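The block underneath contains the structure these notes are about, expressed in structure tokens.
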Amino acid sequence: MQSAELRRIARAISTVENRAVGYEDMLAEAYRLPDWARVIGITGPPGAGKSTLVDAMTAHWAQAGERIAVLAIDPSSPYSGGAVLGDRIRRNRSAGYDNIYFRSLSSRGHVGGLTETATDLVAVLSLFGFRRVIIETVGAGQADIEVHETADCTLVLTVPGLGDGVQASKAGLMEIGDIFAVNKADMPGAADAQRTIEAALGAAYMGNPGINLRADTARTAPSLGSVSPGLAALYRRHGKFGEDAQCWVPPVLTLVAAENQGVTELAQAVDTFIGWSQQTGRSQGRSRERAYAQIMRALSALLLAPYTREAGAENFPAIVAPWIDRIAKGDASPIEAARSLFNGTLAPGTQRR
Amino acid sequence: MIAATATPSRRKIRVLIAKVGLDGHDVGARVVARGLLDAGMEVIYTGLRRTTEEVVRAAIEEDVDWIGVSILSGAHQVLLPKLRRLLDEAGAQDIRIIAGGIIPQEDIPGLQHDGVAQVFLSGTPIAEIVDFLMRESVQPLKEVP
């Protein structure tokens, strides 16, 4: 990629990130593209080796000649709004490739492990001809789950020694993975970590890791009831063993990303899953879920705009301020205030502007 | 009807903090990075021992306003003018350079002549760097075209 092209890509991303002039037109065009880049989301706790894995995986695909983009997200300061973005430090194997575009992003106060604009940025990168985008999440841990909404394949990375089986059965990360991987597998406890995750998955999934056909024999008996909202969501994404023609059971792989061991196998598993997801039509269900979540987010931003205090502003918006005074004096509850604002009635003594 | 323009632009000053050449000490660079974060800027840190070519590529990919180069090795007379020249050749005249570290006072006018916006010697209070960047960034902080 020439400098001029890199600059255009970088500027387009800034435009969307900053909601600057022209961003809505750019998104209107990008969302009408017939086909988007495939998105691989990499999440996991701090120190799991996400940046190192991103480096190794981008090198793997770049070497195969793919045009590939990375969005690496780090947390912003809740006090200043600033951020130190350090994911480039791990760029070693992938540093020399001209066909990689790498962008560090701040979460800019957004909770959930991504930046608010992540999916929009994937659309924009698709506009610039990228066929594959890797997103590295903040890595805040259990709450870092929004990536499964944006990604075509979510890879949950962990390391040995983070805790016992209870960690694996907690809600959050364990429910969003299409593929799990234990990094630093040369450290003690790697096999235990792998078994723990497999056992936790075994409570929800029958069948063998990877693609299962209806005729296959179940590996485990289901230990959870077959109908529950949580499982229903998993089955929508991965299919249900014994009922659907095909289903997917998330594999748990091991690797040493820093030594480039197991990276090829992991990259192959990612492509196997994405291929399966498209061929079975499961990926379309995901796109629809993603569209719903995005509409809700954009809609709430528009609805809340009149009541929202600008970043860094000291005063509360005039329409909300009287309610804040009343609540502070012990004269109203927040839900009364919200209902009243929602219904368009004003706090007593307020002039409509 | 609620106007979509209710969402204000959220432009932030972006700074690439770079260590170029063969010097392996980045405490100063990290302290400056932290100070700029506290001032609400987005700081991208490259890590140690990057080439000038890598720094230019990173600065363009990251769409930064500034590159802050920390040099303790004595190679500033070579590396900083080269960095400026490579940026200009890449069409990135708008990305400006500040430098810090161990740089003799008498070298500063020459570096400024070669396109380094400002040199901050070690011991400079972070607030001084923040003030400079805030003041000087006013112009380029217009909307992205």
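Only the coordinates and a few stated rules stand behind these numbers; no lab work does. Here the structure is a predicted model, which is why all the values come from computation and not from measurement. Note: ideal-geometry Cβ built from the backbone for every residue, glycine included; neighbour counts use all protein chains shown.
Annotations
- Radius 14 Å from Cβ of A:Y79, net charge of other residues (Lys, Arg +1; Asp, Glu -1): +1
- Charged-residue dipole, Cβ positions (Lys, Arg, Asp, Glu), the protein assembly as shown about Cα centre, Debye nearest 20: 800 debye
- Net charge contributed by nearby residues that have their C-beta within less than 13 Å of B:E54 (K/R +1, D/E -1): +3
- Site pair A:S77 and A:R8 shows an inter-label distance of 3.7 nm when each label is modelled 7 Å from Cα along Cα→Cβ.
- Cβ crowding within 10 Å averaged over residues, with A:31-43, A:282-294, B:57-69 ranked highest first: B:57-69, A:31-43, A:282-294
- Efficiency of FRET between B:L22 and A:D192 - r from beta-carbon atoms, R0 60 angstrom, step 0.05: 0.90
- Shielding by partners, peptide B:32-38 (average Cβ within 10 angstrom, other chains): 4
- Legend: mean number of C-beta atoms from other chains within 10 angstrom of residue C-beta atoms, peptide A:13-24, equals 5.
- Other protein chain Cβ atoms within 10 Å, averaged over every residue that makes up B:60-67: 6
- Taking a ≥ b ≥ c as the square roots of the eigenvalues of the alpha-carbon gyration tensor, region B:12-137 is classed rounded because a/c is under 1.5.
- Taking all Cα pairs closer than 8 Å and separated by 6 or more residues, the relative contact order of chain A comes to 15 percent.
- Karplus (6.51, -1.76, 1.60) ³J(HN,Hα), θ = phi - 60°, over region B:14-26, in Hz, Gly and Pro reported as x: 10, 10, 8, 9, 10, 10, 10, x, 9, 9, x, 10, 10
- Each peptide in A:253-260, A:299-306 receives the mean, over its residues, of other Cβ atoms within 10 Å, and ordering these scores from highest gives A:253-260, A:299-306.
- Charge dipole of region A:3-282 about the Cα centre (unit charges at C-beta), most positive-ward option of A:H148, A:N208, A:P34: A:P34
- In this Cβ point-charge picture (+1 for Lys and Arg, -1 for Asp and Glu), chain B has a dipole of about 260 debye about its Cα centre.
- Highest mean first, the peptides B:107-116, B:121-130, A:182-191, A:55-64 sorted by other C-beta atoms within 10 Å per residue fall in the order A:55-64, A:182-191, B:107-116, B:121-130.
- Dipole of chain A [Lys/Arg +1, Asp/Glu -1 at C-beta], most positive-end residue of A:N99, A:F128, A:V182: A:F128
- Each part reduced to its alpha carbon centroid, region A:291-318 and region A:2-45 end up 22 Å apart.
- Spatial separation of Cα centroids for region B:53-94 and region A:88-123, in angstrom: 21 Å
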